[in-house]
Every structure is written in C-alpha cells, then in structure tokens.
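A.B. asks: Right, I'll just put the structure down here and ask away after.
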Amino acid sequence: MQTLVQADDGGVELPHQSRLLWEREPGAALESAGKAVFGLMLNGAQGDDDEALAGHFAGVTGQFNADGSYHDWLVTNFYNLDTVSEKAIIAAVTPMDNYLADLNAGQNYYRPSYMVVATLKDGLPAAEFQQSINQVMNHFYRHNFIYNHADANCAGITIDTLRALGWKVPHRGINGYIMAIGAYFYTALTEADLDAARQIYDYLTTETTRLLPAVAFDAIGEDLLRLTATESPRSLTAYEQRLAESIEAIWFVRIPQIPSSRVLGGAPIYSFSEYLETAPADRDDWVTIELAERDIPVALKQTEPVNPPPHPIPWPVMLILLSLFSLVVTILKFFIKKRIS
C-alpha cells in the first residue's frame with residue numbers, strides 16, 4: 001500500500017488511476033455494478049501547511065455505480081469541532097463529491113487522495129460499519145469525547161470503531177517512551193511551552209495505526225487483502241469472517257489534486273522520522289495556519305468528555321522530575337551535614 005501511495009511523487013499531477021488488486025474469480029470485478037462497497041480514504045500532505053504533512057483519513061461506504069463513478073459514496077469525515085477549519089470543513093457524513101471537490105471544503109484542492117475499495121456480495125459488513133460510525137459521530141457532536149490530534153484524530157476514531165466491531169487490524173506499535181521523554185524535555189526547554197511538549201510526547205507514545213492516517217490506511221488495506229487468503233493467518237472474529245466471505249474485488253484508486261492556485265501537495269508521511277526529514281529543520285521556517293476557536297453551544301456540552309485535555313506533565317516525566325528533585329535534596333543534605341560536622 002505504501003508503495004502504491006508514494007509512487008510518482010504521490011501522483012499529485014498524474015491522471016486518475018484505478019487499479020485492480022484482487023478479485024475472487026476472473027472477471028468478478030467487471031460484475032461489481034450494484035454491489036455494496038467498503039473503502040478507506042487517505043488524503044495526502046498539504047503543500048502549504050507543515051502541520052498537515054500526515055494527511056487525513058476516513059471510512060467510505062456506498063454502492064458501486066454501473067459507470068464506475070463514486071460521487072455519491074458516503075465519507076465519514078472527523079474534524080476538530082472546537083476550531084474553525086481554514087478549509088471551512090465541519091465534521092460530518094458527507095457525499096464523496098462534496099468531500100473531494102466542494103469549492104470550500106474539498107480535500108483535493110489541497111492534496112492528492114487515495115482509496116482502497118472492496119466490493120461486497122453481502123453489504124452487511126459495510127452497513128454495520130456505517131451504523132456504528134454514525135453513532136460515534138453522534139457522540140462526537142454531543143461532546144462526549146473531543147478531537148485530539150494524537151489520541152482521537154480522524155485515523156484513531158475510525159480504526160477504533162473498526163476494532164470495536166471486531167476487525168482486529170494488527171497494531172504497528174509506538175515510537176517509544178525514551179524518545180518521547182527526550183522530545184518532551186527538548187521541546188519544553190527550547191519552546192518554553194509545556195503544552196507543546198506534552199503534545200509531542202503524546203504523538204510518540206500513541207500507537208501508530210491510531211496516530212498516522214497513512215499507517216492506518218496501510219495496516220487496514222494490507223489486512224483487507226490478507227482476509228482474502230484461503231487460509232487466514234489468524235483466527236477470525238464473526239465480523240472478519242463476514243467481511244472475508246463477502247469480498248468480491250479490491251481496488252486501489254489514486255486521485256490527483258485539482259489544479260488551482262493552491263500549492264501542490266504530495267504523499268503523506270508514514271513516520272515521525274519522515275516528518276522531521278520533510279518539515280523545515282528550523283521551526284520558525286514552518287508554514288502553518290492559525291485556527292480560530294469555535295464557540296460550541298452549551299446544549300452540546302451537557303457532559304464532561306471522556307478524554308479531557310491531558311495534564312501538561314505526563315506521569316513518566318513527573319517521576320523523573322521527582323527523582324531528580326529527591327537526588328538534589330539528598331545531595332544538599334549531604335553537603336550541609338558535612339559542612340556542619
């Protein structure tokens with residue numbers, strides 16, 4: 001999946017491409033009209049925002065049209081409700097033509113996009129996903145949980161829903177606590193901002209299929225293909241079994257950026273190290289877009305969110321600071337006692 005996405009510099013200016021990856025029987029893909037589809041949407045990196053190099057992610061459902069068009073497929077698009085998007089995007093379940101090509105909110109005015117699409121002989125797995133993600137969107141609008149770029153972003157919310165349904169998409173691990181703690185202290189000292197330090201700490205300690213849209217796309221897409229194997233490499237859940245038995249064909253779709261005055265984007269980044277290599281070394285040179293806060297109606301804030309903003313100092317860092325403080329106190333006591341004696 002990563003090879004397909006990154007080929008030809010992300011395909012940002014190349015023609016639209018549809019590539020058949022697998023079909024149950026020869027010619028099965030040609031008989032897709034009218035069948036249910038389940039898909040994954042990955043949007044690439046923006047060229048005019050160094051904070052948007054990781055791209056965006058969403059789940060897709062619909063019905064395969066006879067002419068191959070997908071303008072009416074549904075995309076469940078999670079965006080931060082507490083800020084005003086510079087693209088005028090508001091989180092919603094929206095038709096594909098609005099999601100990709102609406103003049104204000106269209107993702108493809110800002111970057112290229114990619115899809116993995118499975119046609120299903122039984123639409124139940126797609127319907128179960130859409131029903132579940134609709135309920136999640138309902139909770140999102142009730143502020144039962146809030147958008148968090150590390151722990152509850154577009155990729156994390158979507159893959160959490162799939163895993164709750166029973167699709168046990170393999171995890172890819174975290175970057176590591178040692179790196180996270182080091183990055184925390186470096187950011188806190190160089191930027192004098194504990195909230196920014198906590199954010200980088202959370203990025204490095206969040207499981208990467210939940211953190212990075214491209215990694216979620218890669219992991220789910222590869223597992224979708226894995227489910228088509230005659231003998232599955234793992235014991236399947238009921239949801240996975242239904243999905244595996246329903247898949248008729250799997251497509252990869254690459255959608256170029258719509259030509260406009262916007263800077264060209266590209267393929268999204270797949271790791272924290274790639275992010276550091278792609279973004280300017282000097283943070284002052286970053287191109288970023290400041291977002292205004294949105295006033296959320298009180299009616300949508302009737303309960304406290306289950307994931308309130310975290311404390312600026314995570315507990316491992318707190319333990320290190322307490323240990324250093326204890327060490328300093330012990331050393332001071334030693335020297336004071338020695339001086340008195």
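The values are calculated or read from the model by the stated rules, or taken from the named source; none is laboratory data. All of these numbers come straight from a predicted model, not from anything done at the bench. Methodologically, a virtual Cβ is constructed for each residue, glycine included, from the backbone with ideal geometry; neighbour enumeration extends over all protein chains shown. Just the protein is used for accessible areas: all its heavy atoms, side chains included, with ligands, DNA and RNA removed. Shrake-Rupley method; radii C 1.70, N 1.55, O 1.52, S 1.80 Å.
A.B. asks: For the condition over 22 Å from the mean Cα position of the chain (by Cα), without any contact (Cβ under 8 Å) to a residue 40 or more places away in the chain and in a helix (DSSP H, G or I), what is the one hit in Ile331, Ile320?
C.D. replies: Ile331
A.B. asks: Among the residues in segment 146-165, are any open to solvent by 10 Å² or more (accessible area, probe 1.4 Å), over 19 Å from the mean Cα position of the chain (by Cα) and not basic (Lys, Arg)?
C.D. replies: There is no residue in segment 146-165 that is open to solvent by 10 Å² or more (accessible area, probe 1.4 Å), over 19 Å from the mean Cα position of the chain (by Cα) and not basic (Lys, Arg).
A.B. asks: Determine if segment 206-215 includes at least one residue that is open to solvent by less than 50 Å² (accessible area, probe 1.4 Å), at pLDDT below 90 and of a type outside the set (Val, Ile, Thr).
C.D. replies: Looking through segment 206-215, none of the residues is open to solvent by less than 50 Å² (accessible area, probe 1.4 Å), at pLDDT below 90 and of a type outside the set (Val, Ile, Thr).
A.B. asks: Another question about this same structure. In segment 45-63, is there at least one residue being under 26 Å from Arg242 (Cα atoms), open to solvent by 70 Å² or more (accessible area, probe 1.4 Å), at pLDDT 95 or above and of a type outside the set (Asp, Glu)?
C.D. replies: Within segment 45-63, one or more residues are under 26 Å from Arg242 (Cα atoms), open to solvent by 70 Å² or more (accessible area, probe 1.4 Å), at pLDDT 95 or above and of a type outside the set (Asp, Glu).
A.B. asks: Answer yes or no: is there a residue in segment 112-135 that is more than 27 Å from Lys35 (Cβ to Cβ), open to solvent by 30 Å² or more (accessible area, probe 1.4 Å) and either touching a residue at least 40 places away in the same chain (Cβ under 8 Å) or of a type outside the set (Lys, Arg) (or both).
C.D. replies: no
A.B. asks: For segment 204-260, which positions are closer than 19 Å to Asn175 by Cα, in contact with a Pro (Cβ under 9 Å, 6 or more places away or on another chain) and assigned to a loop (DSSP other than H, G, I, E, B)?
C.D. replies: The one that is closer than 19 Å to Asn175 by Cα, in contact with a Pro (Cβ under 9 Å, 6 or more places away or on another chain) and assigned to a loop (DSSP other than H, G, I, E, B): Leu212.
A.B. asks: Out of Pro312, Pro268, which single residue is part of a loop (DSSP other than H, G, I, E, B), touching a helix residue (DSSP H, G or I) at 6+ places or on another chain (Cβ under 6 Å) and more than 23 Å from His56 (Cβ to Cβ)?
C.D. replies: Result of the check over Pro312, Pro268: Pro312.
A.B. asks: Look through Leu14, Leu20 and report the one residue that is more than 26 Å from Asn134 (Cβ to Cβ), touching a helix residue (DSSP H, G or I) at 6+ places or on another chain (Cβ under 6 Å) and part of a loop (DSSP other than H, G, I, E, B).
C.D. replies: Selected residue: Leu14, the only one of Leu14, Leu20 that is more than 26 Å from Asn134 (Cβ to Cβ), touching a helix residue (DSSP H, G or I) at 6+ places or on another chain (Cβ under 6 Å) and part of a loop (DSSP other than H, G, I, E, B).
A.B. asks: A follow-up question, please. Return the residue satisfying two criteria in turn: it lies in segment 216-226 and is of a type outside the set (Asp, Glu) and under 15 Å from Arg163 (Cα atoms), and of such residues it is nearest to the chain's Cα centre (by Cα).
C.D. replies: Across segment 216-226, the extreme among qualifying residues is Ala216.
A.B. asks: Tell me which residues, restricted to segment 1-27, are within 15 Å of Val117 (Cα to Cα) and open to solvent by less than 50 Å² (accessible area, probe 1.4 Å).
C.D. replies: Met1, Leu4, Val5
A.B. asks: Can I ask one more? Taking segment 121-171 on its own, how many of its residues are closer than 22 Å to Leu212 by Cα and either outside any helix (DSSP H, G or I) or small (Gly, Ala, Ser) (or both)?
C.D. replies: Residues meeting the conditions: 19.
A.B. asks: Among Ala219, Ala267, Ala292, Ala281, which is open to solvent by 70 Å² or more (accessible area, probe 1.4 Å) and of a type in the set (A, V, I, L, M)?
C.D. replies: Ala281
A.B. asks: Continuing with the same structure: Can you name every residue in segment 173-203 that is among the polar types (S, T, N, Q) and in a loop (DSSP other than H, G, I, E, B)?
C.D. replies: Asn175
A.B. asks: Take Asp195 and decide whether it is free of Cβ contacts under 8 Å to residues at least 12 places away in the same chain, open to solvent by 40 Å² or more (accessible area, probe 1.4 Å), under 27 Å from Pro310 (Cβ atoms) and among the acidic types (Asp, Glu).
C.D. replies: no
A.B. asks: Would you be able to tell me the number of residues in segment 35-52 that are aliphatic (A, V, I, L, M) and touching a Pro at 6+ places or on another chain (Cβ under 7 Å)?
C.D. replies: Going through segment 35-52 one residue at a time, the tally reaches 2.
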